[in-house]
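Step one of this worksheet: look at the structure below.
Every number in this text was worked out from the coordinates using simple rules, so none of it is lab data. Just so you know, these numbers come straight off a predicted model, no measurement behind them. Note: ideal-geometry Cβ built from the backbone for every residue, glycine included; neighbour counts use all protein chains shown.
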Amino acid sequence: MDARRDGEPGVRKYETTVERQSDRELVVTRTVNAPPRIVFEAWTRPELLQRWWAPKSLGVSFVSCEADFRTGGTYRFVFSHPCSEQPMEFFGRFIEVTPPSRIVWTNDEAGDAASVTTVTFEDRGAETLIVMRDRYPSKEALDAAIESGATSGCSEQFEQLDEVLLTLGTGVEH
Amino acid sequence: MVQYLDSRLDASFAALSDPTRRGVLEQLGYGDASITDLAGKFRMTLTGMKKHVGVLEQAGLVTTRKVGRVRTCRLGPRRLEEEMAWLGRYRRLWAARFDELDKVVEELKQKEVVDGRKKRR
C-alpha cells in the first residue's frame, strides 16, 4: 500500500483515507509506524486515548473519559462545546475487544440510527494498518448523519464544531 | 469511492431509463407530492408507484419522508458534492486524530526501548 507521501525529509507522512464503501458503511484507514500492540495500548488506555481523540485543532475538549475496554465493557465520553453550555455525551458498549487486533463498539447516543464501529489493527511488520468501519443500520441512517453534518445552523465556527462533535465517537448527533 | 460513485451513476441511469420515472421527476420539479398523488396523476396503483419511487430513491434522485400515513416525495436528496465535502471534513478530523495518535505511539515506543534497556541490566 502506497500510503506514504514525501513530506519533510526524514519524516514519514501517512495518509488517512475515508471512503463510503456502500450505502451503509464508512471506512477510515491509516498506517501507523508502530506494531499493533503499541497502537492497541494507545487506543485502549483512557488516559492515552484522551490525548489524541479530541485534538486541540478541533476546539473541543474532554470533560471526562470513561472506558472499560473489555468485551461487554462500556464507555462514556463527555466533551465541552464552546458554543453551548450543555456538554455532549457519547456512549456505548464494547461488543468485542480482542487485544491487540480488534475492537467493536456501539454508538448508542444515536438511538435507532446508531452505527456499530469495528476497528482492526493489522500487523504490517514494524507498522500497523488501522481499518475502521462504521456500519449504519440503514442507508437512511448514514444519509441522515451526513445531511445533519452538512446543514447545521449557528455560525460557521459552530457548524464546524458541530460537525466535529457529530463525528466524535463516530456517532450520529441529534 | 470510485466504485461507489460508479454504482451510483449506474443506478441513476437505470432509474432514468423509464418514462414514468422521468415523468415523476418532472412532476416533483413543480412541488413535493405524496405517493398517492403521484399514483393518481400517472394512473397507477399505489404499489406500482411505490416501486418507481423506490428506484428513484435508491438512485439518490428523490427523497421521501413519512409523516403519519402519508409518504411525501421530493426531488434530490443531499447533493453528491455535499456528501463529498462531509467526507472531506470527516477525513480531516481523523487525520488530525491520527497525527496526535502518532505522538502517543512514539512515546510508548521510546518508553519500551528504555524499559528494555533497564531489563537487560
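Listed values, structure above:
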read-out	value
Wholly enclosed helices (runs of 4 or more DSSP H) of segment B:8-121 bearing at least 2 residues within 14 Å of another protein chain (Cβ to nearest Cβ)	B:46-58, B:80-120
Residue match in segment A:25-47 (condition: buried (at least 19 other Cβ atoms within 10 Å of the Cβ), among the β-branched types (Val, Ile, Thr), in contact (Cβ under 8 Å) with a residue 24 or more places away in the chain and under 30 Å from B:Ala11 (Cβ atoms))	yes
Tally of residues being under 16 Å from A:Glu25 (Cβ atoms) and either among the acidic types (Asp, Glu) or free of Cβ contacts under 8 Å to residues at least 24 places away in the same chain (or both) across segment A:89-108	2
Residue selected from segment A:109-124 under the condition touching a residue at least 40 places away in the same chain (Cβ under 8 Å) and outside any strand (DSSP E or B), by the criterion nearest to A:Tyr14 (Cα to Cα)	A:Ser115
